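Where a number appears in this text, it was derived from the coordinates with a stated rule and is not lab data. Everything quoted here is computed from the prediction, not taken from an experiment. Here the Cβ positions follow ideal geometry from the backbone for every residue, glycine too, while neighbour counts run over all protein chains shown.
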């Protein structure tokens, strides 16, 4: 058997960061690469991203969005056009300055062919896309323009963390242009809701949709909407954002159209993105000290069947039954893998557990004889004997149950670690006790926000859309506040 | 209506290169970008690539291949490890030298943060992948390793041509490691046959599979297999390649395994790739002076329904019928679009013709009354009246017919422009008459190959696998030859 041993995963209570890295390593999701901050997505990790792509792509297309592809390299001057964008955003990025390698006498290569204008590897594509959109759009009849791109992105991060913050990562970025402000605002909201439904229904991650503050919004946007999730350590993770860009980029890149009255107007724009970072969110929301736990709706393999045998005769009957059960499940759109390898069952069980497969079915000679199978849930380790004839129906129901259980467990966790706080003392005290979400009144000033961050390391996550009307006092300065905002330490 | 007019497409006989660019532009496949040699794939062009991806990805997975993702950026030193690879390959590429932009007082940005070691944007991924494979592979039990990656690639091309040769392009690259030479050779062949089947069955492009000469092989490979297609101007286009890498890269990157006898051995490797360049091949194989022609098996839209009406009453009944017909086709896995726009039908017909939709169905008030529809083929412009009840069966059959017709037409064309030549005079004379495939005996020396290229601009395309045994004389030097090889001018 293929070097499977029960490698230790650090306990969460011992070292949460180490636990996170161990889970990723033991599940075989990522590998280190020789390039600082860049990662190798191993087949199992990439398979999760492929499922995410497939589901989201369909959801986007249902809203009328079409895919396209724009250049990886962006002229430096493009970043100089939108002043806020450049100041807030285009800082740490990969700069291409040469277009050739020349072979030296000693066999080494030297950069040659210096470019007149340096090119930047896209840290996001607003600038390059909108310079092209300006040619595509002439009149209101060309609107709305609804484009999405699946692409790789490079942002030169000093401190990296697998999935959450890496120099290169994969994402999708949607970019739309509309004839009116209202339409663009509706689209901004529609897409954050697409992300919310996706996170909740597929990733089983409860999220809080809301608006970012001025300090935390995307540089160049009028405002940014976000979905915020709570990880098992009480920290927040931003899982997707949708930006109302207003006419800011349209003015910088001349995205104009003739309206129905024959007047030239600038387009109203949105952009929205979700990245491989959500895989980090899946891990930190659901997994346990035994390794990864994947929600059935996003698991590349939903059920693993592990045949158990001690001689060739047993093997034949056990494999025959495994194949029959797998076939029936596959015919009903369940993704199944049979572990056909030689070797003892114990290490196999541990391996599939670490890979987070939602259900394990064990089939041994006694099962063939008795007509019962052993079915084990990954989420709570419950083991049941199930009649072979009932296996399909039972498994299908169990997949739904596991999906629901993971969502509810995460929601309960978040509720248990979210506090309404009404004074600065309370705010600080809670945060000293534990990392958590603090629903606090806030006056809206960047100064208070900054002070809170300085004093507690908690940042503003979002002003939730869904909250009851309530007049209160800013938790920091005591001035009048009309909304609560979430503060938390964040990834 | 959206600016649709019958824009002129240059005739092929007038200017073939201009015709090619016009077809791409008028079909809305690509757009220019502000970055030299980089292109924007518009939604319709990208939709073709998405279909290619979907079909090929399934074919790869059926052979046991798994997808993964490796870093975009490769340390310069990696290219210095495989001597032939660096000499023959890693020349014109994008070099990243800085990781930051700093804002100047005048609002411009300056590259800063120079990297210790320059990074190269992948021109292909052998080096970065194999440095990681060396960690993944310990023993024969870890083999075969079968990996594919869908990715963007940058090669700094001086002369670019849309789809065929661009600075950035999209492709897939497969990379496999095997325990024996035989297995790697089998895989090399298996994958070139996957490409061949794909090209012939989906793209309707007849191709000739064969082996490249030493001069034309991939730098670092033992040998390269290829599929070569003939374009409508008689020039050759390489549509996909599969390389037997032997142990060359394995030795450079230490890809070793313990064999069943407990001995350390280097892995036997293959790599194989197919890119967006095949979209150029589709265009140049099938299209005509009226624009793009897409084979049904690769067309994002297989049938367009254009309703025709003059008043609201007519519109209602015509749209009702269009919706019914479209629904029936969609239920039978035909991809259909109804052109719901206002405006005269003429410009719409021209637009869909330029976009190469295989079948156009026209539905007007007279059709509603008579129970017949007008069905028009894109490949030969034949128009037929079809009873509504028969529309589904007729259309399905017609899609198959069009697919077959396109393939056979291209095959006839290739046969009519392929010549067995047996002397140097004949060789030169043929090539002066027309661009064509010249099946010529060749002694195997790089010198003759080079001379032929110098004197005629024809390059060796491949030694076809499928040829009868025959002893002949090299068309250039007269020495003994055991195989014919194809010479042609090429893209």
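When only Cα pairs below 8 angstrom with a gap of at least 6 residues are kept, chain B shows a relative contact order of 14 percent. Rounded to whole Å, the principal axis extents of the Cα atoms in region A:108-226 read 55, 42, 29, largest first. Across peptide A:123-132, the mean count of Cβ atoms from other chains lying within 10 Å of each residue's own Cβ comes to 2. Modelled spin labels at residue A:331 and residue B:105, positioned 7 Å past Cα toward Cβ, are 7.9 nm from each other.
Helix A:312-331 and the longest principal axis of the Cα set of chain A meet at an angle near 40°. Using every Cα-Cα pair within region B:303-398, state what percent have a distance larger than 20 Å. Percentage above 20 Å: 29.
Each other copy holds its own label point for residue B:116; taking that point as 7 Å from Cα along Cα to Cβ, the gaps run 3.6 nm, nearest first. The equivalent ellipsoid that matches the C-alpha gyration tensor of region A:418-488 spans semi-axes of 17, 13, 11 angstrom, in descending order.
Quick check on region A:353-441: take the gyration tensor over C-alpha atoms, sort the square-rooted eigenvalues as a ≥ b ≥ c, and tell me if it's rounded (a/c under 1.5), prolate or oblate. Because a/c hits 1.5 or more and a/b exceeds b/c, region A:353-441 counts as prolate. With its label point defined 7 Å out from Cα along the Cα-to-Cβ axis, residue B:453 lies at 5.8 nm from the matching points of the other copies, in increasing order. Anisotropy class assigned to region B:1-120 is oblate, per the alpha carbon gyration tensor with a/c at or over the 1.5 cut-off and a/b no larger than b/c. Only Cα sites of chain A enter the Debye sum here, all with the same form factor; the resulting log10 I(q)/I(0) across q = 0.06, 0.09, 0.12, 0.13 1/Å is -0.34, -0.74, -1.14, -1.25, listed in q order. Counting only DSSP beta bridges whose two residues both lie in region A:418-488, roughly 70 percent are antiparallel. In this assembly of identical copies, the label point of residue A:328 (Cα plus 7 Å along Cα-to-Cβ) is separated from its counterparts by 4.0 nm, sorted shortest first. Averaged over the residues of B:147-154, the number of partner chain Cβ atoms lying within 10 Å of the residue Cβ comes to 3.
Roughly what percent of Cα-Cα pairs across region B:140-183 reach past 14 Å? Value for region B:140-183 (Cα pairs over 14 Å): 61 percent. Percent of C-alpha pairs per 10 Å bin in the protein assembly as shown, short distances first: 2, 10, 17, 22, 21, 16, 9, 2, 1, 0. Ranked for footprinting exposure by Cβ neighbours inside 10 Å, fewest first, A:417, B:85 give A:417, B:85.
Mean per-residue shielding of peptide A:161-172 is 1, counting Cβ atoms of other chains within 10 Å of each Cβ. Oblate is the label for region B:16-286, because the ratio a/c of its alpha-carbon gyration tensor axes (a ≥ b ≥ c) is 1.5 or higher and a/b is not greater than b/c. Based on every Cα atom in region A:308-463, Rg and the maximum pairwise Cα distance Dmax equal 24.6, 75 Å. Estimated from helical segments only, the mean residue ellipticity of chain B at 222 nm is -11000 deg cm²/dmol, where each DSSP H run of four or more residues counts as -39500 (n - 2.57).
Relative to the longest principal axis of the Cα atoms of chain A, helix A:16-27 runs at roughly 60 degrees.
Each residue in A:166, B:63, A:225 was given a count of other beta-carbon atoms within 10 angstrom of its own, and listing them fewest first yields B:63, A:166, A:225. Rounded to two decimals, the Cα-based Rg/Rh of region B:216-347, with Kirkwood Rh, is 1.29.
Working from Cα pairs under 8 Å separated by at least six residues, relative contact order for region A:208-318 is 17 percent. The share of alpha-carbon pairs in region B:369-411 lying farther apart than 12 Å comes to 62%. Mind jotting down the distance between the C-alpha centroids of region A:35-52 and region A:277-341, whole Å? Comparing the Cα centres of region A:277-341 and region A:35-52, I get a distance of 20 Å. Of the beta bridges in chain A, as assigned by DSSP with both residues counted there, near 80 percent are antiparallel. Considering only alpha-carbon pairs that sit under 8 angstrom and 6 or more positions apart, the relative contact order computed for region B:417-488 is 39 percent.
Between the helical axis of A:181-201 and the longest alpha-carbon principal axis of chain A there is an angle of about 20 degrees. How much FRET efficiency would the formula 1/(1 + (r/R0)^6) give for residue B:261 and residue B:396, where r is the Cβ-Cβ distance and R0 is 45 Å, rounded to 0.05? Calculated transfer efficiency: 0.20. Of interest is the spacing of the C-alpha centroids, which for region A:355-401 and region B:447-482 amounts to 64 Å. With both bridge residues required to lie in region B:303-398, what share of the DSSP beta bridges run antiparallel, to the nearest 5%? Percentage antiparallel, nearest 5: 55. Between the C-alpha center of region A:407-427 and that of region A:59-84 there is a gap of 37 Å.
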